[in-house]
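Notes to accompany the following structure.
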Amino acid sequence: MTTEAVADPLEGVAHVPGVPKPDPVIIADGVLRHFGGLIAVDVEHLEIQRGVITALIGPNGAGKTTFFNLLTGFDHAQAGTRVYNGRELDRRYEIPQWDQAKSTVIGLLGSLIGFMLGAFILARADDQSDPSLTYLVTGFVVAVGVFLYVRNKPGGPQSLAVYGTSTALGTALGTLFAVLVSPTSNWFSTTMAVGWLIGGGLGIGFWRWATGPLPSYEIAQLGMVRTFQLTKVLARLTVLNNMRLGAQNQRGERFLSALFQTWKTQEKEITAKADVLLDRFLLSKMRDEFAGTLSGGQRKLLEMAGVLMTDPEVVMLDEPMAGVNPALTQSLLEHVIELPADGTTVVFVEHNMDVVREISDWVVMMAEGRIIAEGPPSVIGQDQRVIDAYLGAHHDETLEELDKTELAEEVDQDLDEQEEMAEEVEDE
Amino acid sequence: MNWSDIISNALTAAVALNAAWFALAGIGLNVHFGYTGLLNFGQIGFAAIGAYGVGVSVTYFGWNIWIGMLVGILMAVVLALLLGLPTLRLRADYLAIVTIAAAEIIRLVARSVALRNFSGGSNGINGFSSQFYELSPFSASESYKIGPFFFSSGRLLFVTAVTWVLVVLAVGMVWLLMRSPWGRVLRSIKEDEDAVRALGKSAYSYKLQSLILGGVLGGIAGMMFAIGTATVQPDNFQPPQTFFIWAAMIIGGVGKVWGPVVGSMIFWALLSLTENILRPMASANYSVFGIFDFNTIMEGVQIGQIRFMLVGFGLLLLMVFRPQGLFGDKNEMALDDN
């Protein structure tokens, strides 16, 4: 807040990009997202202070929305880590740090045991002939091949161990399946192969789940909730139902509770909460109308009220004022300013510098995917790089004043830099 | 032409077994498409897997028919998982492609020569339904006439009645579910998945649940069809059937609880009506006002196709004049998505 009521938590923080904050709620480190050769986001380090309003500004194509998508899990970065509230969002569980020798032995053993056990059972089950040696050799060759393939991948040997063990499990299942279902013993090989595939698939799926990034909805459940640049309201649901959808941990959203109608009391509480928020956001009159009948500005209000229904810790607003008329802008701004009072953190993308100056405590400036400046709005507004990036480097000079050779050099330099970046990316 | 017979036949068709199992499969499809927005073009595959589940359980494994029905339901769940797990993370079209292919794969595998002992090949499976009819209170050899409705045997009356009871139960279940918060999430997913994810709900998990629920209803429908005809014929489960179920659902109204039920009654009544009106025209020297003989332009064997053309034309008119179906809400449909 711009008032001087309490001590500013960001006082004394240096005005340089990537500066550490006293109490960061979000820490992004080395986040890189490129589409082919085009680098959309390349954030070396950014910390977002808890309980204040941070504005993310920058010219069109600066990567603000992409960065938003990366933070909230709606897009995935090629590199980097994100920490929210001390929790890493890029892997659900830490991969155990095994040393090279240990992981090689365990990985190779796991896969060997898996495949050879599978091959052995397969050989025993197939009583047509005695091809056990063939199966064992096949199992061995496949295991070594898979091992060589994943050896140098991150977490590769461990995942191989998981794959091997789950293949063994899958083969056991396959045998059971084979004995139970196969019309004749001719079918054993086929059902067994199905067991291998299912077991291996489940194993890899489980591993990817356990070590992969948290999906967007889980990040939202943790309390980081976003809105969209193109407002998303559910047009064919009533305004009230749009609000109710935001409530977390609803009993009635589980199949059996829904069927046996054990959600009615909780629904009443949710409705009461929704009504309070609708009142605050001046939408009570539209309560029972389809959300599709709302105006653009009202939709922005509804989307934001829906986000508040989730009891968020961090509210991420992507251009909340875009397309909203001035009267509504003022009421939207008031809602945003109120949020930090109860400890909520706000991050928002905005183009209108007046809005940014009015409500933000801290401003982060992006250009060409990088963070080029950070600081309080009063300082950022004066920053030459910000003015350059927003208005163009030579906005206050007339064409005649410009030195053409100097300008050409500048452009060349820019192009070189871009090429280098593209090459770096391709090298990876 | 005997109009009272024609009307009576049409009314009978509206409540016959075909209409009943179509209604059940249509309710499932409505859960998929009408509420969740899933494009399932292989509902007949779920019906087939249900039918084969019960048929194979009884004839090949020699199990009790009730266990067989449980197996059929379980197989429908497995099929839904198999189709849904890999595709529901992707765009909606992938599910459409996979379901239409899977339905054909099931039919072709079941009718393959290699599996003749198991699923009966192209002859299908017979003789598994007697246990079901032991419960019938009606006489198997008698025919029944109830008002305008006619049932050729007590068995047919019994299985039809049971299927309609199942339809009513399914309607009740879907009604309860769709007005609950669970249904609210499904309807929201149909509108905008990302908005649902942004509010902390796993769209993937809900889509999977919806696919399973609708698939199981499709499986039960196929089961009742198989029991009612006392046979599982692979070629009863051809792709066009899926689209007839779609047509029935659209006639009634997509996303409305009673839509598929009324839709399939109308669909089958229309087919019967057109058939019974066209047939005497084609066979006898029947002319309109003595100036035009119908048998000069069509023969009896063509009637099957012509009635579908007429029903298709009717659907076309419906789409032009009442795109929301009979039960739909035009205002709701007119809302834009942005």
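The values are calculated or read from the model by the stated rules, or taken from the named source; none is laboratory data. Keep in mind that what you see is a predicted model, and the values were worked out from it rather than measured. Because the Cβ atoms are built from the backbone with ideal geometry, glycine has one as well, and the counts that use them run over all protein chains shown. When the accessible area is computed, the model is the full protein with side chains, heavy atoms only, and any ligands, DNA or RNA have been set aside. Shrake-Rupley method; radii C 1.70, N 1.55, O 1.52, S 1.80 Å.
List of remarks:
- For the stretch B:187-205, the set of residues classified as small (G, A, S) and surrounded by fewer than 21 Cβ atoms within 10 Å (Cβ to Cβ) consists of B:S202, B:S205, listed by residue number.
- Any hit, the stretch B:184-191, residues being over 18 Å from A:F290 (Cβ atoms) and in contact with a Gly (Cβ under 9 Å, 6 or more places away or on another chain): no
- Selected residue (only one of B:P234, B:P240 is closer than 30 Å to B:R116 by Cβ and without any contact (Cβ under 8 Å) to a residue 24 or more places away in the chain): B:P240
Each row is one residue, and each column tells you yes or no for (1) surrounded by 24 or more Cβ atoms within 10 Å (Cβ to Cβ); (2) within 12 Å of chain A (Cβ to nearest Cβ); (3) modelled with pLDDT of 95 or more.
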site: B:L166; (1), (2), (3): no, no, yes
site: B:V171; (1), (2), (3): no, no, yes
site: B:W182; (1), (2), (3): yes, yes, yes
site: B:V185; (1), (2), (3): yes, yes, yes
site: B:G222; (1), (2), (3): yes, no, yes
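- Filter pass, A:G292 being within 18 Å of B:A195 (Cβ to Cβ), in contact with a Gly (Cβ under 7 Å, 6 or more places away or on another chain), in contact (Cβ under 8 Å) with a residue 12 or more places away in the chain and surrounded by fewer than 22 Cβ atoms within 10 Å (Cβ to Cβ): no
- A single entry from B:L11, B:L70 fulfils the requirement of being without any contact (Cβ under 8 Å) to a residue 24 or more places away in the chain, under 26 Å from B:L169 (Cα atoms) and in a helix (DSSP H, G or I): B:L70.
- A:L282 vs. criteria at the interface with chain B (Cβ under 9 Å from one of its Cβ atoms), open to solvent by 70 Å² or more (accessible area, probe 1.4 Å) and within 28 Å of A:G323 (Cβ to Cβ): no
- Within the set B:I189, B:I220, B:I245, the sole residue that is among the β-branched types (V, I, T) and touching a Pro at 6+ places or on another chain (Cβ under 9 Å) turns out to be B:I245.
- Residue in the stretch A:391-398 that is assigned to a helix (DSSP H, G or I), out of contact with any Cys (no Cβ under 8 Å at 6 or more places or on another chain), at pLDDT 75 or above and not aromatic (F, W, Y) present: no
- Looking across the stretch A:360-372, the residues that are crowded, with 22+ Cβ neighbours inside 10 Å and not polar (S, T, N, Q) come down to A:W362, A:V363, A:V364, A:M365, A:M366, A:G369, A:I371.
- Top-ranked residue in the stretch A:243-253 [being more than 7 Å from chain B (Cβ to nearest Cβ) and free of Cβ contacts under 8 Å to residues at least 24 places away in the same chain; ranked as nearest to the chain's Cα centre (by Cα)]: A:N249
- When the stretch A:246-265 is filtered for residues that are in contact with a Gly (Cβ under 7 Å, 6 or more places away or on another chain) and within 16 Å of A:D311 (Cβ to Cβ), the ones remaining, listed by number, are A:G246, A:Q248.
Table: residues versus (1) acidic (D, E); (2) buried (at least 21 other Cβ atoms within 10 Å of the Cβ); (3) in contact with a Pro (Cβ under 8 Å, 6 or more places away or on another chain).
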position: B:S4; (1), (2), (3): no, no, no
position: B:A19; (1), (2), (3): no, yes, no
position: B:V31; (1), (2), (3): no, yes, no
position: B:L74; (1), (2), (3): no, no, no
position: B:A96; (1), (2), (3): no, no, no
position: B:I106; (1), (2), (3): no, yes, no
position: B:R111; (1), (2), (3): no, no, yes
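- Top-ranked residue in the stretch A:260-273 [being open to solvent by 30 Å² or more (accessible area, probe 1.4 Å) and of a type outside the set (V, I, T); ranked as nearest to the other protein chains (Cβ to nearest Cβ)]: A:Q261
- Among the residues of the stretch A:225-242, just one is more than 7 Å from chain B (Cβ to nearest Cβ), in contact with a Gly (Cβ under 9 Å, 6 or more places away or on another chain) and more than 20 Å from A:K273 (Cβ to Cβ), namely A:T231.
- B:S141 open to solvent by 40 Å² or more (accessible area, probe 1.4 Å) and either away from chain A (no Cβ under 14 Å) or assigned to a helix (DSSP H, G or I) (or both): yes
- A count restricted to the stretch A:334-351 and to residues that are within 26 Å of A:S295 (Cβ to Cβ) and more than 26 Å from the chain's Cα centre (by Cα) stands at 2.
Rundown of residues vs (1) open to solvent by 50 Å² or more (accessible area, probe 1.4 Å); (2) more than 26 Å from A:D342 (Cα to Cα), yes/no style:
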site	(1), (2)
A:P9	yes, no
A:V13	no, no
A:V19	no, no
A:G30	no, yes
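- Subset of the stretch A:330-359 (residues that are buried (at least 17 other Cβ atoms within 10 Å of the Cβ) and among the hydroxyl-bearing types (S, T, Y)): A:T344, A:T345
- Residue in the stretch A:303-316 that is away from chain B (no Cβ under 14 Å), in contact (Cβ under 8 Å) with a residue 24 or more places away in the chain and farther than 22 Å from A:G86 by Cα present: no
- One residue stands out in the stretch A:47-62 among those that are farther than 17 Å from A:L317 by Cβ and touching a strand residue (DSSP E or B) at 6+ places or on another chain (Cβ under 9 Å): the one that is surrounded by the fewest Cβ atoms within 10 Å (Cβ to Cβ), namely A:G61.
- Failed item in (1) over 18 Å from the mean Cα position of the chain (by Cα); (2) more than 7 Å from every other protein chain (Cβ to nearest Cβ), with B:I212 passing the rest: (1)
- Residue match in the stretch B:139-154 (condition: under 18 Å from B:S57 (Cα atoms), under 24 Å from the mean Cα position of the chain (by Cα) and not β-branched (V, I, T)): no
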